[in-house]
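These notes are about the structure you will find just below.
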Amino acid sequence: MRAFNSSRVHQLSPEELSVFRQLDPAKIPQHVAIIMDGNGRWAGKRALKRFLGHQQGAESVQFVVETASRIDLPWLTLYAFSLENNLRRPRSEVNFLMKLLKSYLVGNVKRMNENNVRMAYIGRTEELPSEVRETMQWASEATAKNTGTTLTLALNYGARTEIVDALRCAVREAIATSNGDMNRLWEQIRGLEEQDVSARLYTAGMPDPDLVIRTSGEQRISNFLLWQIAYAEIYVTDRLWPDFRGVHLLEAIADFQRRERRYGGLGVGDSFTDEDIEGQRNEAELARS
């Protein structure tokens, strides 16, 4: 049984504490992933420029991260910047998002250390500007000794690309170890299993998400962690990301705890078994039952 052992629960707001006290320590997810959506719409509703929505969204990140750290959430992954964003958004907006990322990291590393948060990244980060990568590495090294929540930013990330990269890696390794023997190469490729692909994903070493949160009310995954969320629970809120706070993270976890996770099996209240099926005389009787 897992128990809340954080010495920082008292730092939750009264509103957060009221939700937190309803949670079952044994059912806290190990890994929460969030599709942060709605920055542009938040700004548009207020007749503001889109960049102001992105700035407010960055503020929401830190609020949510600090709440996650106060309840000892082990893993938090945020979909910050997709491959599609990089390819399809106006270059001026992309450049602003890169500057905002640098500013966020520089401005919040001290707070991350105070909250025992460790930084990590997934995606084709090697394609990001060099000055951004340098800041990312600095933030990662500056927080590497922290042992609390691991905050992973998905940057220049696409799930299909991640799977392609994992398969390419597996094939390269098979070629390197086959020593030109085509039969051996084929046997290695044919022997690939799910765990072999998982071990080569960007998220290797991380648990799969238990809970995926999507803000802004959109009901799609948007090419995010497609492999890893096969059995994750999905929580959609109409709240736009700039308005999302720690209490809303706790509300999503409370909703998660009310669900029954089956992983393709039967639920607690299900008793219909193969033996029941064999006992039926015909299809009509089976249908009536």
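Each reported figure results from applying straightforward, stated rules to the coordinates on display, with no laboratory input. Since this is a predicted model, take the numbers as computed values, not measurements. A quick note on method: Cβ atoms are made from the backbone with ideal geometry, for glycine too, and the neighbour counts reach across all protein chains shown.
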Between the stretch 98-167 and the stretch 178-230, what is the C-alpha centre distance in whole Å?
-> 20
Lysines near K49 by alpha-carbon distance under 21 Å, same-chain residues fewer than 8 away left out - which ones?
-> K99, K102
Positive end of the charge dipole of the chain (Lys, Arg +1 and Asp, Glu -1 on Cβ, about the Cα centre): tell me which of G53, G217, N116 has its Cα farthest that way.
-> G53
Checking rank on 54-63, 128-137, with mean other Cβ inside 10 Å and highest first, the result is 54-63, 128-137
Calculated Kirkwood radius over Cα pairs in Å (choose from [x] 21.3; [y] 19.3; [z] 22.5), label = [x]
Would you calculate a helix-derived [θ] at 222 nm for the chain, using -39,500 (n - 2.57) for each DSSP H run of n ≥ 4 and dividing by the full residue count, to the nearest 500?
-> -14000 deg cm²/dmol
Net charge of neighbours whose Cβ lies under 15 Å from the Cβ of N86, counting Lys and Arg as +1 and Asp and Glu as -1 | +2
Among T237, T215, T203, which comes first, then next, by fewest other beta-carbon atoms within 10 Å?
-> T237, T203, T215
Starting from the Kirkwood radius over alpha-carbon pairs of the stretch 40-119, derive D by Stokes-Einstein at 25 °C in a medium of 0.890 mPa s and give it in µm² s⁻¹.
-> 176
Step through the residues of the stretch 85-97 one at a time and calculate ³J(HN,Hα) from phi using the Karplus curve (6.51 cos²θ - 1.76 cosθ + 1.60, θ = phi - 60°), rounding each to whole Hz and writing x for Gly and Pro.
-> 4, 5, 8, 10, 7, x, 4, 5, 5, 4, 4, 5, 5
